[in-house]
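Notes follow the structure.
Bear in mind these aren't lab numbers, they're just calculated from the coordinates by the rules spelled out. Being a predicted model, the structure only gives us computed values, none of them experimental. A quick note on method: Cβ atoms are made from the backbone with ideal geometry, for glycine too, and the neighbour counts reach across all protein chains shown.
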Amino acid sequence: MTDLALRQLRSDATDFDEQLRRLQHWSAETDKAIEQRVGEIIDDVRRRGDAAVLEYTARFDALPVPSMAALQLSRDELKQAFDAITPAQRDALQAAAQRVRSYHERQLEACGRSWQYRDEDGTLLGQKVTPLDRVGIYVPGGKAAYPSSVLMNALPAQVAGVADIVMVVPTPRGERNALVLAAAYVAGVTQAFTVGGAQAVAALAYGTDTVPRVDKITGPGNAYVASAKRRVFGQVGIDMIAGPSEILVLADGSTPPDWVAMDLFSQAEHDELAQSILLCPDAAYIDAVRESIGKLLPAMPRRDVIRASLEGRGALILTRSMAEACEISNRIAPEHLEVSSRDPGRWEPLLRHAGAIFLGAFTSESLGDYCAGPNHVLPTSGTARFSSPLGVYDFQKRSSLIEVSEAGAHKLGPIAAELAYGEGLQAHARAAEMRLERGIERD
């Protein structure tokens, strides 16, 4: 067994609350040097446009090109990438895309439609739902390629009715990932640029001669990308500022411990700051999972990253009951929550805060990452207490509809006038009162 220094906590310990607080702590503060550099890049791109984007792409991605045309990908090039991948990869992309599309189409039916009604006075009230005109999706590149991120960001935008989906993806040294480009073709990306970093975010937010200005930017990235998204928010919309990936497993001891160990690995392998936690009321089962971790870790290609993650932010927590485990889970509000239980439906009603809830032993979090259907862009760092997964609703906006009838104006006018006078806004009050004094003369 490996000598992994994985912390083990007990919920009945007198200092458990403090231990849990320390375990959850993660600072989202960005290094001041990064903030300053990102600010300089954004200002430069806003001022010089394409020329600045070309300069930073040459500097940071070792990709010197004479013009932006060399960084722009046509739909034909995306189609060529799709045709060039293996049949198995094409089948997997299309199957995953179909499931993601179907899920978001149901989401559209449930919450993405306009509605209106008339009250007893004939006044029309309602909500008009319209898609954003153009969105930008940021797809990470460099250390790894993420075709799944393309699907999860582009498909809900497409289902929402967004006409123009602009993808930016860094390609260090000009190395393009065929699966990412193929995914862009499958997901309906309309424009694509091999640009990354803060300069890509700035180009999308402010527009250049080549890169169109968008209404919203979604998708994950490194500290520079996160800082840039934070800075341009207000100029454009953004989805969220994501922290390190997280998984929390609620287990009743009925799932093979090797499965749970590997599920904990599945988030720990992302990076050293990722967090993997097991909550379980069975001490013997926790010991079995620990044994599985020690047995399986040496064979993992990313074992050093997994070890650093588990030792730095992981934990095995013994609880007094599954009900208490659910309560602790709500306090943590994890990104991914697995309910690895014989009867997951018994515990699901107790779970209020999580980015995504995976019910039952066969529902590994990795299926949600790639092909189950729901979106894998999820709130992290406890923000699931007040925010939601990326969805169709993120690519729509809502306008209120109000058409007041003459009878409605006579009913609502005195109410509005009384409140307006109370606020000292006489013009507001008189505008309402004028409708009470005389109607519109009609032929």
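A simple charge model with +1 on the Cβ of Lys and Arg, -1 on the Cβ of Asp and Glu and nothing else charged puts the dipole of the chain at about 640 debye relative to its Cα centre.
What shape does the chain take by its C-alpha gyration tensor, where a ≥ b ≥ c are the square roots of the eigenvalues and a/c under 1.5 counts as rounded, a/b above b/c as prolate, and the rest as oblate? Mind dumping the intermediate values first?
Values: a/c = 1.96, a/b = 1.29, b/c = 1.52.
Judged from the Cα gyration tensor, the chain comes out oblate (a/c at least 1.5, b/c at or above a/b).
Using the alpha-carbon centroid of each, what span in Å lies between the range 276-327 and the range 392-424? The range 276-327 and the range 392-424 have Cα centres spaced 54 Å from each other. Of interest is the spacing of the C-alpha centroids, which for the range 15-81 and the range 168-200 amounts to 13 Å. Please state the shape class of the range 201-310: rounded when a/c is under 1.5, otherwise prolate if a/b exceeds b/c and oblate if not, all from the C-alpha gyration tensor. Here the range 201-310 falls in the prolate category.
Taking the DSSP beta bridges in the chain as the whole, what percent of them are antiparallel, to the nearest 5? Bridges in the chain are about 30 percent antiparallel.
In this structure, the amide hydrogen of L132, modeled 1.01 Å from its nitrogen in the peptide plane, lies closer than 5 angstrom to those of Q396, K397, counting only residues at least 5 positions away or on a different chain.
The angle separating the long axis of helix 322-332 from the principal Cα axis of greatest extent in the chain is about 60 degrees.
What the Cβ-Cβ distance of E55 and A5 gives, at R0 = 45 Å and to the nearest 0.05, is a FRET efficiency of 0.50.
Of the residues P147, L125, P414, the one whose Cα sits farthest towards the positive end of the charge dipole of the chain is P147 (charges of +1 on Lys and Arg Cβ, -1 on Asp and Glu Cβ, taken about the Cα centre).
222 nm [θ] for the chain, helices only, -39500 (n - 2.57) per DSSP H run of 4+, per residue, to 500?
Details: 17 runs with 203 residues, N = 443.
Value at 222 nm, helices only: -14000 deg cm²/dmol.
Return the FRET efficiency for the residue pair R21, A416: r is the Cβ-Cβ distance, R0 is 35 Å, and the value is rounded to the nearest 0.05. The calculated FRET efficiency here is 0.15.
With a Förster radius of 51 Å applied to the beta-carbon distance between R320 and S366, the computed FRET efficiency rounds to 0.95. Across the range 32-238, the relative contact order, built from alpha-carbon pairs under 8 Å that are at least six residues apart, equals 29 percent. When V214, V377 are arranged by Cβ crowding within 10 Å, least crowded first, meaning fewest neighbours, the order is V377, V214.
Per-residue Cβ neighbour counts within 10 Å put T208, T123 in the sequence T123, T208, beginning with the fewest.
Could you tell me what percent of the DSSP beta bridges with both partners in the range 32-238 are antiparallel, to the nearest 5? Could you put the intermediate results ahead of the total?
Working: 6 of 20 bridges.
Bridges in the range 32-238 that DSSP calls antiparallel: roughly 30 percent.
Could you pull out the GluC sites (Glu not before Pro) across the range 263-318 that fall in loop regions by DSSP (anything but H, G, I, E, B) with no more than 15 other Cβ atoms inside 10 Å? Loop-located and lightly packed - none at all. Extending 7 Å from the Cα toward the beta-carbon at both N222 and S254 defines two label points whose distance is 4.5 nm.
Our estimate of slack between A92 and L125, defined as 0.36 nm per intervening residue step minus the Cα-Cα distance, is 7.4 nm.
If the chain linking D209 and R430 were pulled fully straight, counting 0.36 nm for each residue of separation and taking away their Cα-Cα distance, it would gain 74.7 nm.
About the Cα centre of the range 130-215, what is the dipole size in debye to 20, counting +1 per Lys and Arg Cβ and -1 per Asp and Glu Cβ, all else neutral? Display every interim value, and only then the final one.
Details: 5 positive and 5 negative charges, 53 e Å.
It works out to roughly 260 debye.
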